[in-house]
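This report refers to the structure that appears directly beneath it.
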Amino acid sequence: MQHLDLKVVEQARAWLSQGETVWFCTVLSTFGSSPREPGSMFVARADGRHVGSLSGGCVEEDFLECLGEGAFNQPAQRLRYGSRDGQGGNRVALPCGGTLDVLIERMRPDRDNLEHMDTLLATLRGQQVRTRQVALESGEKTFVDEEGVGPRVVDSDSGRSVSIRVGPAARLIIAGISTVSIACAEFAKALGYEVIVCDPREEALDNAPVEGARVEPVLPSVYIASPGACHAATAVVALTHDPRIDDLAMIEAVNTPAFYLGVMGSRRSSEARAERLRRSGGLSEQEITRIHMPIGLALGSKTPAEIALAVMADIVRVQRGRARDRL
């Protein structure tokens with residue numbers, strides 16, 4: 001789940017609480033070229049104000065134009081963009097002949113919708129994965145707890161409802177501030193991650209104005225060990241070359257459900273770190289194998305930006321379940 005989707009739900013909740021009706025959209029399926037995956041979210045008001053995206057431009061433009069003309073008055077409906085069969089929003093041709101199915105929910109500012117958004121927000125901010133079930137005829141919405149496996153969007157056999165799996169927004173915890181950390185934070189923000197940078201050093205904090213990232217002035221290991229810091233959609237990276245920060249961060253991180261752990265360093269320094277983690281940190285071989293050392297893809301990176309690119313590329317690879325030998 002992208003951090004952008006969290007912003008969409010936060011804004012939808014805010015508009016509902018202000019008495020505004022909102023149109024809450026979810027990408028259900030894509031075929032061909034599409035920059036947004038199934039489950040991605042978008043919200044708009046009747047006056048055209050909006051947050052999020054469905055396709056990166058053309059679909060949103062057409063949707064807002066139709067909304068301004070008084071369309072989408074049903075509680076819930078499904079719309080296909082890029083269709084060639086005369087159905088759906090075929091005023092828009094998507095790149096490479098692609099199609100995009102979108103769920104559109106018209107939500108009035110009532111108690112039920114506010115409570116639904118509260119539950120959705122709690123899901124994106126917490127550690128519980130849930131399925132959001134929407135009846136297409138009535139617009140009725142319910143949540144069901146689940147284990148977080150399988151496709152994000154599933155149509156019912158009857159075609160009368162859709163199930164959308166939602167979970168914590170993707171999070172990147174960066175242990176320690178460095179030039180690589182700052183570049184990594186910028187890449188991560190562009191990829192839609194919630195970014196948290198931890199460092200207790202005052203001199204480092206003075207050099208870390210990363211717009212849009214949360215800065216925690218504490219030892220990364222302390223933050224990582226705190227309740228709720230890491231969930232299954234969290235990546236933890238240590239990028240300082242300082243064992244007092246990097247090693248302690250990994251000792252705590254192996255006890256979390258984070259899907260990616262990594263430490264910057266050469267192969268030789270990584271072997272030395274693994275030995276320290278065994279000897280001083282008490283980590284088992286299984287725990288050490290969870291840590292990507294050296295971190296990142298082997299791109300021949302030299303500059304901080306190139307190293308950060310290699311780090312984020314490897315995080316995305318693991319997040320997507322792609323083996324290195326399939327790249």
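Each reported figure results from applying straightforward, stated rules to the coordinates on display, with no laboratory input. What you are looking at is a predicted structure, and each value in this text was computed from that prediction instead of being measured. No Cβ is skipped: glycine too gets one built from the backbone with ideal geometry, and neighbour counts run over all protein chains shown.
Relative protection proxy for 14-26, 249-261, from highest mean packing down: 249-261, 14-26 (other beta-carbon atoms within 10 angstrom).
Packing here is the average count of other Cβ atoms within 10 Å per residue, and on that basis the peptides 278-288, 41-51, highest first, run 41-51, 278-288. Each stretch of four or more DSSP H residues adds -39500 (n - 2.57); spread over every residue of the chain, this sum gives -10000 deg cm²/dmol at 222 nm. Placing unit charges on each Cβ (+1 for Lys and Arg, -1 for Asp and Glu) gives the stretch 190-327 a dipole about its Cα centre, and among Ala190, Val318, Met264 the Cα reaching farthest toward its positive end belongs to Val318.
Find the Rg to Rh ratio for the chain, where Rh is the Kirkwood radius over alpha-carbon pairs and Rg uses the same atoms. A ratio of 1.02. Averaging the sequence gap over all C-alpha pairs within less than 8 Å and six or more residues apart, then dividing by the number of residues, gives the chain a relative contact order of 13 percent.
With the largest listed first and rounded to whole Å, the semi-axes of the equivalent ellipsoid of the stretch 3-166 from the Cα gyration tensor are 23, 19, 15.
DSSP beta bridges in the chain, what fraction antiparallel, as a percent rounded to 5? Percent antiparallel among DSSP bridges in the chain is about 65. With K and R counted +1 and D and E -1, the other residues having a Cβ less than 12 Å from that of Gly68 yield a net charge of -3. Of Arg80, Arg267, Arg108, the residue with the greatest mean-square motion in the GNM of the chain, using alpha carbon springs below 10 Å, is Arg267. Percentage of Cα-Cα pair distances in the stretch 1-75 greater than 20 Å, rounded to whole percent? Across the stretch 1-75, Cα pairs with separations above 20 Å total 28 percent. Shown here is the pair-distance distribution of the stretch 235-303: with all Cα-Cα distances grouped in 5 Å bins from zero up to the longest one, the shares run 4, 17, 33, 28, 13, 5, 2 percent. In terms of packing, defined here as the mean over residues of other Cβ atoms within 10 angstrom, the peptides 109-121, 167-179 line up highest first as 167-179, 109-121. Using Cα atoms only, what is the angle between the long axis of helix 304-319 and the major principal axis of the chain, expressed in degrees (0 to 90) to the nearest 10? Value to nearest ten degrees: 60. Find the Rg to Rh ratio for the stretch 281-327, where Rh is the Kirkwood radius over alpha-carbon pairs and Rg uses the same atoms. We get a ratio of 1.04 for the stretch 281-327. Eigenvalues of the alpha-carbon gyration tensor of the stretch 98-211, scaled by 5 and square-rooted, set the equivalent ellipsoid semi-axes at 38, 16, 13 angstrom, largest first.
Summarising the label geometry, the points placed 7 Å from Cα in the beta-carbon direction at Arg244 and Arg214 lie 2.6 nm from one another. Size descriptors for the stretch 171-326: radius of gyration and Dmax over Cα atoms are 14.1, 43 Å.
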